[in-house]
Amino acid sequence: MKDGRVEYLLLSDGLDFARRGVAVHEALTLVAAEMGRAETDIPWSMCSDWPPEVVEAASRLCDRFVPDSKRNDHYMQTGVQSTSDSEVRDDFITVAPHAYDATFWRRDYGEVASLSDEGTSCAIWLTDDQRNVLANVVGADRVVSYEDWRRAHPSSSRRQLHRLKPRLPRARSD
């Protein structure tokens, strides 16, 4: 926990692309006021699958942050940018659920949210109140603390170490 916030995972298992996008957008909108900086990639080769508002937001981010020489590429990146302008922040929030990678930070670079693979992986720092609001939108079972998730899903290396742990010999019953 830092600053009264806990890292949560937004679980999107079983959600189709559109519903996952809405869930991620809702989560990011909930913490928008805390954002000071953001970065995202723009996988332009995928834009034919995006809603018009995402194409428009991605176009504005490209115009603003992608060098002219890179604007015809199928894959672009914004670099880390200030989100003090609410329109820029809204564009980052709109594009993030469709990006392969997007991260949001506070002004002091404390992490606010991190997304991967078109929102299939979403970690977000929330207060208890924010967590409750998000849980009411997407379902409590979809907003899980990272610590709880990690305990329920130990890494393969931790499982391997557990298997190698010395075992006490069994008492013989002679």
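The values are calculated or read from the model by the stated rules, or taken from the named source; none is laboratory data. Predicted model, so just to flag it, every value in this text is computed and none were measured. Cβ: placed from backbone, ideal geometry, glycine included. Neighbour counts: every protein chain shown. Accessible surface is based on the protein model in full, side chains and every heavy atom, while ligands, DNA and RNA are left aside. Shrake-Rupley method; radii C 1.70, N 1.55, O 1.52, S 1.80 Å.
At a glance:
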quantity	calculated
For the chain, size of Cβ-based charge dipole, Lys and Arg +1, Asp and Glu -1, in debye	1380 debye
Separation in nanometres of the label points that stand 7 Å from Cα toward Cβ, at Asn132 and Asp148	1.5 nm
For region 14-76, alpha-carbon Rg over 2.2 N^0.38 Å	1.25
Charge dipole (the chain, unit charges on Cβ, about Cα centre) - positive-most of Val22, Ser121, Phe92	Ser121
Per-residue SASA entry for Tyr146, accessible area with 1.4 Å probe, Å² rounded to 10	80 Å²
Against the rule of thumb 2.2 N^0.38 Å, how large the Cα Rg of the chain comes out	1.28
Extension gain, Asp117 back to Cys47 (0.36 nm per residue minus Cα-Cα distance, nm)	23.7 nm
Trypsin sites (Lys or Arg not before Pro) restricted to DSSP loop in region 66-136 with at most 13 other C-beta within 10 Å	Arg71, Arg107
With all protein chains modelled, accessible area of Trp50 [1.4 Å, Å²]	20 Å²
Scattering curve values for region 26-117, log₁₀ I(q)/I(0), Debye with Cα scatterers, q = 0.11, 0.15, 0.18, 0.25 Å⁻¹	-0.26, -0.49, -0.71, -1.35
